[in-house]
Structures are given as structure tokens and as C-alpha cells.
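I have placed the structure first, in the form of C-alpha cells, so that the comments after it can refer back to it.
The values are calculated or read from the model by the stated rules, or taken from the named source; none is laboratory data. Only a predicted model underlies this, so the values are computations on that prediction, with no experimental measurement involved. Cβ placement follows ideal geometry from the backbone for every residue including glycine, while neighbour counts extend to all protein chains displayed. Quick note on the areas: whole protein, heavy atoms, side chains included, nothing else; ligands and nucleic acids left out. Shrake-Rupley method; radii C 1.70, N 1.55, O 1.52, S 1.80 Å.
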Amino acid sequence: MVPDRPALVLLVDDDPASLKLLSEALAGQPLTLAVAVDGEMALRQIRREAPDLVLLDAMMPGMDGFEVCRRLKADPATRDVPVLFMTVLADPTSRVRGLELGAVDYVTKPFVREELVARVRTHLSIRAAAGALSAAVSALSEKNEELARARASLEIEVARRTEELRAANQRLERELELNRAAELRVQKAQNELAHLNRVSAMSELAASIAHELSQPLAAILSNAQAADRLLAQTPPDIVDARAALSDIAADDRRAGMIIQRMRAMLRKGELSVAALDLGEIVREVTRLVASAALLAGTTVRIELAPGLPCVRGDGVQLQQVLLNLLVNALDAVSRRPPEARLVVVRTRPADAGHVELSVADSGEGIPQADLERIFEPFFTSKTHGLGVGLAISRSIVEAHGGRLWAECGPGEGATFRCALPAWNEDTLPAE
Ligand SMILES: Nc1ncnc2c1ncn2[C@@H]1O[C@H](COP(=O)(O)OP(=O)(O)OP(=O)(O)O)[C@@H](O)[C@H]1O
Ligand SMILES: [Mg+2]
């Protein structure tokens with residue numbers, strides 16, 4: 001049904017009087033009437049313009065109403081045109097036959113005007129509703145198709161993006177893999193450099209350590225000779241010989257300790273993390289440099305704060321830091337007159353759960369402009385220096401969660417301070 005135009009109703013009857021009656025009955029209704037006087041004419045008209053309702057006389061000469069209805073229903077183009085049969089036949093068989101052929105309803109002749117009008121209106125409004133419904137359905141199915149299309153293109157887009165993401169992820173993983181490998185190489189190179197730095201710091205002490213070793217060795221020799229003499233006497237002096245032997249054992253242990261300390265510093269070891277007593281680290285390292293200091297005429301003073309908490313870290317690495325600072329300090333004071341050669345190693349509590357280790361010297365100091373630069377790798381003012389001692393020391397301290405910096409007032413020697421986080425779980429008893 002075309003909207004906004006009156007409904008088109010086709011009256012099909014071979015009897016002009018009947019057509020006249022029908023037209024009169026339907027006059028005044030909002031509809032357009034068309035007429036056909038036989039079956040052939042009706043079919044032609046319906047095919048030309050489909051009406052909204054056909055009032056079809058069942059009994060006509062030639063092609064009767066039933067045949068017209070059959071043909072209408074057989075043709076997909078006209079199948080939906082509603083047919084209302086008109087029949088004089090009061091027998092139910094004809095009515096049933098019409099309905100079976102697909103008619104929507106029937107009226108019997110002679111008609112009651114009101115009934116006819118009511119039936120026509122009812123079927124027209126059903127037709128109108130059906131038209132609106134099918135328009136809505138087709139609009140809906142169009143929307144559905146649009147949605148399906150949108151969905152399909154969305155799925156394609158999602159698949160494309162997923163693929164892109166997967167590829168990006170793979171690239172990222174490969175990069176990460178390469179980065180990890182590069183990081184491992186850097187780490188290895190750093191370990192090598194740190195080891196090189198320890199070896200070079202130790203090599204500065206080599207002469208004095210050899211000298212230090214020669215003392216117990218000489219004592220061992222003279223005690224061995226004494227024991228030999230004491231035992232050769234008659235009667236042999238067993239008591240003094242035993243005393244000489246126990247001195248020999250003590251000197252041997254001392255020499256062993258010196259070698260053990262050197263070995264620890266020269267070892268290429270794995271990291272091992274433990275609770276460390278800073279005081280103990282100070283004592284170990286100052287023992288290592290003691291004879292070097294003695295030979296150079298430098299006083300090394302130790303001031304340990306009592307009851308300091310432990311720090312957490314690798315003992316050899318933290319010893320390496322202090323060794324670097326001490327070797328630098330001994331170097332710095334060596335250009336001063338003998339009475340002015342002093343190095344002070346201190347430990348003390350620092351702010352916010354830190355402990356501080358410092359090395360102060362009476363050397364020529366450091367220009368203000370160099371206080372940071374000296375920590376750069378390969379910065380050195382020494383002919384035989386590598387310039388890595390401070391750089392490595394700082395990276396070790398930072399890996400321990402701490403900070404290492406230098407201070408120097410005008411006309412003063414240098415002070416290096418190292419703040420390390422205290423390990424609260426394990427506070428050492430007061431010394
Ligand atoms: N206590 C100090 N007093 C004055 N200058 C210092 C002191 N400690 C370090 N410096 C300066 O900082 C520089 C860098 O020190 P660093 O320990 O990194 O290297 P280096 O001692 O020159 O060589 P190495 O790698 O053998 O230790 C030194 O060359 C020196 O100029
Ligand atoms: Mg150095």
C-alpha cells in the first residue's frame with residue numbers, strides 16, 4: 001500500500017446493478033474505487049496496479065471468482081493482494097472454498113451496507129498495518145545487515161590490530177632479549193674492570209705487603225734457629241724450645257692472615273650478600289694498608305662509633321671501596337712533609353637510617369670544580385693511575401643503596417663520605 005494516498009479498492013462483478021450498489025455503499029469512505037466486469041479484466045488491472053483490496057464476485061461467466069483468486073495467489077507479484085469474496089450462495093462449501101484459495105474474508109449478497117463498509121474498513125486497516133509492519137521489518141533487516149557489515153569490518157580491524165600487537169610484542173621480546181644479553185655483557189665487563197681495579201690497588205700495596213710478610217718470616221727463621229739451639233743443649237731446654245715453637249706457630253698464622261686478606265681482594269668472586277659490620281671492614285682494610293702507611297710515614301687513625309647497626313652487602317666489594325679511598329688518601333698525603341701525613345677513617349651514624357664511613361686526609365685537597373669529575377671513569381691526575389677507582393667505588397656504593405661523595409674545604413685535605421643504609425634487623429652490640 002502506497003502511503004499518503006487513499007486506499008484503492010477494486011470491485012469485480014459482471015452485474016452492473018451490483019457494481020452500482022457497491023459503489024453507492026462505499027461512497028463517502030476515504031478510498032478510490034476501480035471496477036472490472038469480468039475475471040480477465042480484473043487480472044489485467046491488478047497486474048497494472050495492485051489494489052489494497054479486491055471485492056470479488058464468486059459467480060461470473062467465463063473465468064469465475066475462484067479462478068481469478070487462484071491465479072492471483074499463484075503469482076508472487078499479486079499473491080499479497082487481499083481478496084474479499086462476494087457470494088449469493090448461502091452454502092458454506094463455496095465460502096470455505098474461497099477461504100481455502102487464500103481469500104481473507106467473504107460477504108454474502110445481498111449485502112447489509114454497514115456490514116460491507118465495516119468489513120472493507122477492517123481489511124484495509126489490516127492491510128495498512130501489515131504494510132507498516134513489513135516496512136518496519138525490512139528497515140530492521142536493513143539495519144541488521146548494516147550491523148553485520150559493521151561487525152564484520154570491526155572483526156577484521158580487531159584481527160588486524162591483534163596481529164599488529166602480536167608482531168610488536170615479538171619485536172619487543174627480541175629487543176628485550178638483545179638488551180638482556182647486552183646487559184649481561186656490560187655486567188661482565190664491569191666485573192672485569194672492578195677486578196682490575198682491585199688488582200691495581202693491591203699492586204700499589206705489593207711492596208709493603210711483601211715487606212710485611214718478611215717480618216713474620218724472619219721471626220720464624222730466628223725462632224727455629226733458637227729452638228734448634230735450645231734442644232741441642234745438654235740437658236735440652238724443652239721449656240724455652242716450646243715457647244720458641246709456639247712463637248713460630250703464631251708468626252705463621254699472622255703471615256697466613258696477610259696472604260688470606262690479599263687473596264680475598266685478588267679473587268674473582270661471585271657476589272655474596274650478608275650482614276656486615278663496618279668496623280670489621282675498616283679493621284681488615286687498614287691492616288692491609290698498615291705497612292704501606294708505616295713505610296710512607298703516614299699515620300692512619302681509626303675512629304669507630306660504638307653500637308653501629310650492620311649494613312647489608314658484599315664484604316669484598318665494600319672493602320674494595322675503602323681500599324680505593326685509602327690508597328688515594330695515602331697517595332694524596334705522600335706529597336706533604338712527614339709530620340703532616342695523616343689519614344683518619346671514621347664510622348658514625350648518619351641521618352635517616354644510614355651509617356657513614358669516611359676517609360679524611362691531610363693532602364693537598366681537591367679543587368671545587370673537580371669534586372664531581374673525579375668520579376667519572378678514567379679521570380686521573382696520576383701518571384700511573386687508571387682513573388677507575390672512584391668510579392667503581394661509587395657504582396658499588398650505589399648498588400648497595402648508598403651514596404659516595406667528596407668534600408673539601410679551602411686549605412683542607414679531601415674527605416670522602418660513604419652513606420650506606422643500615423640493616424635494622426641486626427644491630428650490633430656496643431663495643
Ligand atoms: N684523597 C684525594 N685527594 C686529592 N685528590 C684525589 C683524592 N682521591 C682522588 N683524587 C683525585 O681523583 C682522581 C681519580 O681517582 P681514582 O681513584 O678514580 O683514580 P686514580 O687514583 O687516578 O687511579 P686508580 O684507577 O688507580 O685508582 C685522582 O687521580 C686524583 O686526581
Ligand atoms: Mg685511586
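For the chain, the solvent-accessible area of protein heavy atoms averages 58 Å² per residue (probe radius 1.4 Å; ligands and nucleic acids excluded).
For the chain, carbon and sulfur atoms together expose 57% of the accessible surface, with a 1.4 angstrom probe and every protein chain in place.
Placing Lys382, Lys20 in order of accessible area, with the largest value first and a 1.4 Å probe, yields Lys20, Lys382. Note on Arg336 and Leu221: with the Förster distance fixed at 25 Å, the Cβ-Cβ geometry gives a FRET efficiency of about 0.10. Taken about its Cα centre, region 306-431 carries a charge dipole of about 240 debye when Lys and Arg each add +1 at the Cβ and Asp and Glu each add -1 at the Cβ. Considering only Met86, Leu193, Ala139, and ranking their Cα positions along the charge dipole of the chain that arises from unit charges at the beta-carbon of Lys, Arg, Asp and Glu, the one farthest toward the positive end is Leu193.
Global size of region 272-431: 15.2, 46 Å for Rg and Dmax (C-alpha atoms, Rg to one decimal, Dmax whole).
Compute the whole-percent fraction of alpha carbon pairs in region 214-360 spaced more than 21 Å apart. Present the calculation step by step, with values, prior to reporting the outcome.
Working: 6276 of 10731 pairs.
Roughly 58 percent, rounded to a whole number.
Of the peptides 257-265, 309-317, how do they stack up when ordered by the mean number of other Cβ atoms within 10 Å, highest first?
Values: 257-265: 14.4, 309-317: 20.7.
The most tightly packed comes first, giving 309-317, 257-265.
Size of region 340-393 from its Cα atoms: along the principal axes, largest to smallest, the extents are 37, 29, 20 Å. Expressed per residue, the C-alpha convex hull volume of the chain stands at 368 Å³.
When DSSP beta bridges are limited to those with both residues in the chain, what percentage is antiparallel, rounded to the nearest 5?
Looking only at bridges with both residues in the chain, the antiparallel portion is about 50 percent.
Taking the three principal axes of the alpha carbon atoms in region 7-111, the coordinate ranges are 32, 32, 23 Å, sorted in descending order.
What order do His384, His400 take when sorted by accessible area (1.4 Å probe), most exposed first? Don't skip to the end; give the middle numbers.
Numbers: His384 180, His400 30 Å².
Solvent-accessible surface, decreasing: His384, His400.
Taking the Cα atoms only, what angle lies between the long axis of helix 389-399 and the longest principal axis of the chain, rounded to 10 degrees? Once rounded, one gets 50 degrees.
Eigenvalues of the alpha-carbon gyration tensor of region 105-153, scaled by 5 and square-rooted, set the equivalent ellipsoid semi-axes at 42, 7, 4 angstrom, largest first. Measuring max minus min along each principal axis, the C-alpha atoms of region 90-244 give extents of 170, 36, 24 Å (largest first). The lysine pair count for the chain, using Cα distances under 27 Å and pairs eight or more places apart or on different chains, is 5.
Count Lys and Arg as plus one, Asp and Glu as minus one, and take only other residues whose Cβ is under 13 Å from that of Ser138; the net charge is then -2. The charge dipole of the chain, taken about its Cα centre with unit charges on the Cβ of Lys, Arg, Asp and Glu (plus for the first two, minus for the last two), comes to roughly 540 debye. Working note: 222 nm ellipticity from helices only, DSSP H runs with n ≥ 4, each -39,500 (n - 2.57), summed and divided by the residues of the chain, gives -19500 deg cm²/dmol to the nearest 500. Compute the separation of the alpha-carbon centres of region 115-190 and region 23-54 and state it in Å as a whole number. Cα centroid of region 115-190 versus Cα centroid of region 23-54: 49 Å apart.
A crude spin-label estimate for the pair Thr234 and Glu40, with each label 7 Å from Cα along the Cβ direction, gives 17.3 nm.
Taking the longest Cα principal axis of the chain as reference, the axis of helix 39-48 is set at about 30 degrees. For the chain, the longest principal axis of the C-alpha atoms and the axis of helix 278-296 are separated by about 40°.
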